[in-house]
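Colleague: Here's a structure for you.
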């Protein structure tokens, strides 16, 4: 399940993309537009900054802005920054110890396919797609 943190990270990134003008945008403005607590966003934005998805500037005229064009970000990349790996079960996490039951596990193939489809789906959607108003993607989370 995608947490509130992941969903809000997408909303922040969409907002920054939608209102980009080359300047830094105050997070209080993003919080107000998105109706999200500024305090909560202050926990999400450092993750986005550390991953290089946004850059920040302190002081007058400060705020945050995207580091790339919207078509260069994927929903999967943004979600993984905030959620960690999107693996549905722990045995598929990168670096996980080999499960002693894998040889007789009847569900591992199902989980692998679900994991593949999840990553393929989210990595196939760019921030630009979310801005573009594709009706298939047009719902509020």
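Colleague: Would you check if there is a residue in the range 53-75 being under 16 Å from residue 118 (Cα atoms) and either at pLDDT 95 or above or in contact with a helix residue (DSSP H, G or I) (Cβ under 6 Å, 6 or more places away or on another chain) (or both)?
Modeller: yes
Yes or no, residue by residue, for (1) over 20 Å from residue 9 (Cβ atoms); (2) under 16 Å from the mean Cα position of the chain (by Cα); (3) surrounded by 15 or more Cβ atoms within 10 Å (Cβ to Cβ):
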{"site": "92", "(1), (2), (3)": "yes, no, yes"}
{"site": "97", "(1), (2), (3)": "yes, no, no"}
{"site": "100", "(1), (2), (3)": "yes, no, no"}
{"site": "112", "(1), (2), (3)": "yes, no, yes"}
{"site": "118", "(1), (2), (3)": "no, yes, yes"}
{"site": "125", "(1), (2), (3)": "no, yes, yes"}
{"site": "129", "(1), (2), (3)": "no, yes, yes"}
{"site": "132", "(1), (2), (3)": "no, no, no"}
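Colleague: Going through 9, 32, 50 one at a time, which residue ends up being out of contact with any strand residue (DSSP E or B) (no Cβ under 9 Å at 6 or more places or on another chain), within 18 Å of residue 67 (Cβ to Cβ) and surrounded by fewer than 16 Cβ atoms within 10 Å (Cβ to Cβ)?
Modeller: Step by step, each of 9, 32, 50 is checked, and only 50 is out of contact with any strand residue (DSSP E or B) (no Cβ under 9 Å at 6 or more places or on another chain), within 18 Å of residue 67 (Cβ to Cβ) and surrounded by fewer than 16 Cβ atoms within 10 Å (Cβ to Cβ).
Colleague: Can you confirm whether residue 71 is in contact with a strand residue (DSSP E or B) (Cβ under 7 Å, 6 or more places away or on another chain) and in a helix (DSSP H, G or I)?
Modeller: yes
Colleague: In the list 59, 52, 22, which residue meets the criterion of being over 29 Å from residue 120 (Cα atoms), free of Cβ contacts under 8 Å to residues at least 24 places away in the same chain and in a loop (DSSP other than H, G, I, E, B)?
Modeller: Of 59, 52, 22, the one residue that is over 29 Å from residue 120 (Cα atoms), free of Cβ contacts under 8 Å to residues at least 24 places away in the same chain and in a loop (DSSP other than H, G, I, E, B) is 59.
Colleague: Is one or more of the residues making up the range 35-46 at pLDDT 95 or above and on the phi > 0 side of the Ramachandran plot?
Modeller: yes
Colleague: A further question follows. Just to be sure before I move on: is residue 64 buried (at least 17 other Cβ atoms within 10 Å of the Cβ), in a strand (DSSP E or B) and either without any contact (Cβ under 8 Å) to a residue 40 or more places away in the chain or at negative phi (or both) in the structure I sent?
Modeller: For residue 64, the condition - buried (at least 17 other Cβ atoms within 10 Å of the Cβ), in a strand (DSSP E or B) and either without any contact (Cβ under 8 Å) to a residue 40 or more places away in the chain or at negative phi (or both) - is met.
The values are calculated or read from the model by the stated rules, or taken from the named source; none is laboratory data. Computed from a prediction, not measured in an experiment: that's the story for all the values here. We place every Cβ from the backbone using ideal geometry, glycine too, and count neighbours over all the protein chains shown.
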